[in-house]
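Visitor: Here it is: the structure, laid out below.
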Amino acid sequence: MRHLMSPLDFTTEELSKLFDLANDIEKNPGKYAHACDGKILATCFYEPSTRTRLSFESAMTRLGGSVIGFSDANSSSAAKGESVSDTIRVISAYADICAMRHPKEGAPMVAASRSLIPVINAGDGGHQHPTQTLTDLLTIRSLHGDLNNFTIGLCGDLKFGRTVHSLINALVRYENIKFVFISPPELRVPDYVTDMLDKKQIAYEEVIKLEEVMGDLDMLYMTRVQKERFFNEEDYIRLKDFYILTPEKMELAKENMLILHPLPRVNEISVEVDDDPRAAYFKQAQYGVYVRMALILTLLELA
């Protein structure tokens with residue numbers, strides 16, 4: 001039995017097979033419509049979510065399986081004080097696979113250590129968000145054509161953004177990737193990330209102004225400033241509108257630059273940018289369903 005706690009749990013060769021499967025699902029959905037007949041996915045979400053939870057539920061439904069679970073800790077026995085360990089042991093009797101989101105870092109790992117079924121980390125605090133990273137990698141590979149040889153700008157909340165941290169850790173295993181970190185000083189990427197890049201001798205630069213580097217990027221990964229990660233509301237209000245991507249700024253970008261965003265968007269990408277053919281974030285959300293379908297099949301050993 002296998003779990004997914006981090007994108008690094010899969011080798012690059014295994015990821016290539018997973019993405020091949022996801023692309024085949026995209027092209028031939030009918031082929032997989034009954035692949036999970038009789039199987040049950042439990043979605044245990046101790047923290048609010050729209051895309052991640054619904055994309056898991058959509059993925060399992062499209063595979064012919066069923067879904068049970070909860071979307072808020074207050075609607076589970078956690079409100080009565082039940083531990084994650086006890087919850088997953090009970091869920092193991094009800095379902096064949098579990099996707100868990102939790103505000104505490106490491107909680108899905110604790111669940112996996114006690115679980116009798118595969119557990120997928122659907123996000124744990126500011127730590128990891130592996131299925132979003134798999135979605136990002138599949139989107140890049142499908143639209144850019146390769147996971148090597150490009151410059152990616154990551155913009156916004158690089159301090160608390162778990163999607164950013166996961167994506168950087170995943171991309172360093174590929175060749176000739178250059179990172180450009182675009183953030184205010186208060187939200188710069190943590191030192192442990194830059195220390196890791198220095199150790200691996202991977203190129204990166206840190207800037208404050210997005211306009212300075214727009215023309216250098218093959219893709220731009222925008223993120224929102226996350227109110228729920230701030231301890232001080234004044235800091236959040238001061239920084240929340242620091243970056244707003246507009247059609248005017250897009251005029252500085254390459255004609256084939258991809259715009260990615262893990263969503264939800266607040267106002268860091270102007271809605272006028274949605275009509276730009278380089279805007280890939282809604283396509284990215286669709287790829288999230290395909291990659292989760294492929295992941296469910298892989299962990300249940302059905303593919």
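Visitor: Once R0 is set to 22 Å, what does the formula 1/(1 + (r/R0)^6) return for the Cβ-Cβ distance between H34 and E14, expressed as a FRET efficiency to the nearest 0.05? Mind dumping the intermediate values first?
Guide: On the way: r = 25 Å, r/R0 = 1.13.
Working from the Cβ atoms, E equals 0.30.
Visitor: Mind checking the log10 I(q)/I(0) for segment 1-160 at q = 0.11, 0.17, 0.20 Å⁻¹? Debye, one equal scatterer per Cα, no solvent, two decimals.
Guide: The Cα Debye sum returns log10 ratios of -0.48, -1.10, -1.41.
Visitor: Please work out how much accessible surface Y94 shows to a 1.4 Å probe, ignoring ligands, DNA and RNA, in Å² rounded to 10.
Guide: 140
Visitor: Now for a different question. In whole Å, largest first, what are the principal axis extents of the Cα atoms in the chain?
Guide: Rounded to whole Å, the extents work out to 55, 45, 40 Å.
Visitor: If contacts are Cα pairs under 8 angstrom and at least 6 residues apart, what is the relative contact order of the chain in percent? Let's see the in-between values first.
Guide: Working: 552 pairs, mean separation 59.6, N = 303.
Reported as a whole number, the value is 20 percent.
Visitor: Another one. Any idea of R89's accessible area? Nearest 10 Å², probe 1.4 Å.
Guide: Answer for R89: close to 110 Å² accessible.
Visitor: Most fluctuating residue of E105, E82, E206 in a GNM of the chain with Cα springs under 10 Å: which is it?
Guide: So, out of E105, E82, E206, the one fluctuating most is E82.
Visitor: On to the next question. Please work out the FRET efficiency for the pair E82 and E212, using the Cβ-Cβ distance as r and a Förster radius of 45 Å; give the result to the nearest 0.05. Don't jump to the answer; show the numbers that get you there.
Guide: On the way: r = 51 Å, r/R0 = 1.12.
With R0 = 45 Å, the Cβ-Cβ based efficiency is 0.35.
Visitor: Give me, ordered by chain and number, the residues 5 or more places off E206 or on other chains with an amide H under 5 Å from its own placed amide H.
Guide: Result for E206 returns F181.
Visitor: To continue, here is another question. Which one of A73, A112, A99 has the biggest mean-square fluctuation once the chain is modelled by GNM with Cα springs under 10 Å?
Guide: So, out of A73, A112, A99, the one fluctuating most is A73.
Visitor: Only bridges whose two residues both fall in the chain count here: according to DSSP, what percent of them are antiparallel, nearest 5? Write down the numbers at each step before the final one.
Guide: Working: 1 of 35 bridges.
Bridges in the chain that DSSP calls antiparallel: roughly 5 percent.
Visitor: So which aspartates and glutamates can K283 reach, going by Cα to Cα under 15 Å and dropping same-chain residues fewer than 8 places off?
Guide: Of all the aspartates and glutamates, those that pass the test against K283 - Cα under 15 Å, at least 8 places apart if same chain - are E26, D136, D274, D275.
Visitor: With a probe of 1.4 Å, find how much accessible area segment 131-285 has per residue, and write the answer as a whole number in Å².
Guide: Numbers: 7010 Å² over 155 residues.
Accessible surface, normalised per residue, equals 45 Å².
Visitor: Work out, step by step, the length gained on full extension between D146 and E105: first 0.36 nm times the residue separation, then minus their alpha carbon distance; give nm to one decimal.
Guide: Details: separation 41, 0.36 × 41 = 14.76 nm, distance 3.15 nm.
The span from D146 to E105 would gain 11.6 nm if fully extended.
Visitor: Distance from the Cα centre of segment 1-57 to that of segment 95-169, in angstrom?
Guide: 12
Visitor: Which FRET efficiency value, to the nearest 0.05, is calculated for T50 and A203 with the Förster distance at 30 angstrom and r the Cβ-Cβ distance?
Guide: Values: r = 35 Å, r/R0 = 1.17.
My answer for the efficiency is 0.30.
Visitor: So, one more: Using a 1.4 angstrom probe with every protein chain in place, what is the largest-first accessible-area order of R224, R2, R114?
Guide: On the way: R224 50, R2 85, R114 115 Å².
Greatest to least solvent exposure: R114, R2, R224.
Visitor: Next question. If amide hydrogens are placed 1.01 Å from N in the peptide plane, which non-local residues have theirs closer than 5 Å to the one on K178?
Guide: F150, T151, I152
The values are calculated or read from the model by the stated rules, or taken from the named source; none is laboratory data. Keep in mind the model is a prediction, meaning the values are calculated, not measured. Backbone-built Cβ (ideal geometry, glycine too); neighbour counts: all protein chains shown. Ligands, DNA and RNA are stripped out before the accessible areas are found, and what is left, the full protein with its side chains, is counted by its heavy atoms. Shrake-Rupley method; radii C 1.70, N 1.55, O 1.52, S 1.80 Å.
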